[in-house]
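Enquirer: Before anything else, here's the structure in question.
What follows is calculated from the coordinates using simple rules that are stated; it is not laboratory data. Keep in mind the model is a prediction, meaning the values are calculated, not measured. Note: ideal-geometry Cβ built from the backbone for every residue, glycine included; neighbour counts use all protein chains shown.
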Amino acid sequence: MPNTALMYFRRLAREPEIPFEEQILYQDEHILVADKPHFLPVTPSGLYLHQTLFNRLKKKTGIQTLRPIHRIDRDTAGLILLSFQ
């Protein structure tokens, strides 16, 4: 159907806790740069929904329009660029 939006939400019975903390290194009115620790997924997938860089940063900053520009593997640590309006 034209002009129809579909929203998908899922719940996990048990989500593993990631004990490592992300760090915001830079933020302006358009972008945010974060240092992602090892073992933290960038976006929700598989066993991870809330314990992701994307959802942690949305909660920490209150920026609901935050979107990752790229991603790296869950096991890899490094810098992630996110945009918002």
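Enquirer: Which of the trypsin sites (Lys or Arg not before Pro) found in the chain are in a DSSP loop and have at most 13 neighbouring Cβ atoms, other than their own, within 10 Å?
Expert: On the way: sites: 10, 11, 14, 56, 58, 59, 60, 71, 74; in loops: 10, 11, 14, 71, 74.
Counting only loop positions with at most 13 other Cβ atoms within 10 Å, the trypsin sites (Lys or Arg not before Pro) in the chain are 10, 11, 14.
Enquirer: In the chain, which GluC sites (Glu not before Pro) fall in coil by DSSP and have 16 or fewer other Cβ atoms within 10 Å?
Expert: Those that pass, being in a loop and sparsely packed, are 17, 21, 29.
Enquirer: From the phi of every residue in segment 46-54, what ³J(HN,Hα) in whole Hz does the Karplus formula 6.51 cos²θ - 1.76 cosθ + 1.60 yield, where θ is phi - 60° and glycine or proline is x?
Expert: x, 7, 10, 10, 8, 7, 9, 4, 4
Enquirer: Mean separation of Cα pairs under 8 Å and 6+ residues apart, divided by the residue count of the chain: what relative contact order is that in percent?
Expert: Worked out over the chain, it gives 29 percent.
Enquirer: Okay, helix-only estimate at 222 nm for the chain: each DSSP H run of n ≥ 4 adds -39500 (n - 2.57), divide by all residues, round to 500 deg cm²/dmol; what do you get?
Expert: One gets -3000 deg cm²/dmol as the mean residue ellipticity at 222 nm.
Enquirer: Hey, another quick one. Here are a few candidate values for P(r) over Cα pairs in 10 Å bins from 0, in percent: [x] 16, 48, 27, 8, 1; [y] 14, 22, 15, 12, 11, 9, 10, 6, 1; [z] 18, 58, 23, 1. Which one was actually calculated from the structure I just gave you?
Expert: Here P(r) over Cα pairs in 10 Å bins from 0, in percent agrees with entry [x].
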